[in-house]
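Step one of this worksheet: look at the structure below.
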Amino acid sequence: MVIYVLRIGHRPERDKRITTHVALVARAFGAHGFILGDVVDKKIMYSIKKIIERWGGKDFYIEIGVDSRKYVLEWKRKNGIVVHLTMYGINIDDIIDNIRKQNKDILIIVGAEKVPPFYYKYADYNVAIGHQPHSEVAALAIFLDRFYEGRELYLSFSDAKVVIEPSNRGKRVRRVG
Ligand code: SAM
């Protein structure tokens, strides 16, 4: 079972930082890939790869500039499910067990400004992380956390060059590769 995150509506001049954070949350919280829809922004790719080089995750799949709508339809055709995160959707508490039980590949869509009706229509699940507007980064993190029931916080990457030694003060980083 794989989980990919599709970021739609990225505006290179405004969203570089937040889109990079979406990708970093995807990697750190247990998704297996990040897809940037409709825009080729190599800076995003570069930022994620830099993190992966040091902190691991070489198998994390990254693709930029796909046609988002085709990607969604193709994902469904291959029997994966599509989850669109939106404050207008069904509260995550009421649907997460059902999504987990499907045991299918999941494409999680997060938007930027206004999300076109297409995604509401073709998503198998429109899921709300509460019904207030907030952020794609927060929405994705909470979705993955609920999906994995907290286990993602213990993820490690076997190809990491450095790992953190948790400490109450200061920064302890150990070189391992
Ligand atoms: N007005 C937009 C909409 O139609 O949902 C909100 C834009 S918000 C800045 C950017 C993205 O954050 C949304 O496309 C959605 O993926 C995510 N998001 C924001 N609040 C959310 C919430 N309460 N539940 C789920 N996702 C949310």
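Were the residues from Phe118 through Lys49 laid out at 0.36 nm apart, the gain over their Cα-Cα distance would be 21.8 nm. What percent antiparallel are the DSSP beta bridges of the chain, to the nearest 5? Counting only bridges with both partners in the chain, antiparallel ones make up about 10 percent.
Looking at His32, Val66, Ile48, which one has the Cα that reaches farthest to the positive end of the dipole of segment 3-175 (charges on Cβ: Lys, Arg +1; Asp, Glu -1)? Selected residue: Ile48. About its Cα centre, the dipole of the chain is roughly 700 debye, where the only charges are +1 on Lys and Arg Cβ and -1 on Asp and Glu Cβ. Annotation: peptides 149-156, 22-29, 86-93, ranked by per-residue average of other Cβ atoms within 10 Å with the highest first, follow the order 22-29, 86-93, 149-156. Between Arg151 and Tyr61, the modelled labels are 2.0 nm apart [label points 7 Å from Cα along Cα→Cβ]. Measuring only protein heavy atoms, the 1.4 Å probe finds Ser135 accessible over about 40 Å². Distance between the 7 Å Cα→Cβ label points at Gln132 and Val2: 3.7 nm. Based on C-alpha pairs under 8 angstrom that are at least 6 apart in sequence, segment 3-175 has a relative contact order of 28 percent. Looking at the square roots a ≥ b ≥ c of the eigenvalues of the Cα gyration tensor of segment 19-177, which shape do they give, rounded for a/c under 1.5, prolate if a/b is larger than b/c, or oblate? Cα axes put segment 19-177 in the prolate bin.
The values are calculated or read from the model by the stated rules, or taken from the named source; none is laboratory data. Nothing here was measured: the structure is a model prediction, and the numbers come from that model. FYI the Cβ positions are ideal-geometry reconstructions off the backbone, even for glycines, and counts take in every protein chain you see. Ligands, DNA and RNA are excluded from the accessible area calculation, which covers all protein heavy atoms including side chains. Shrake-Rupley method; radii C 1.70, N 1.55, O 1.52, S 1.80 Å.
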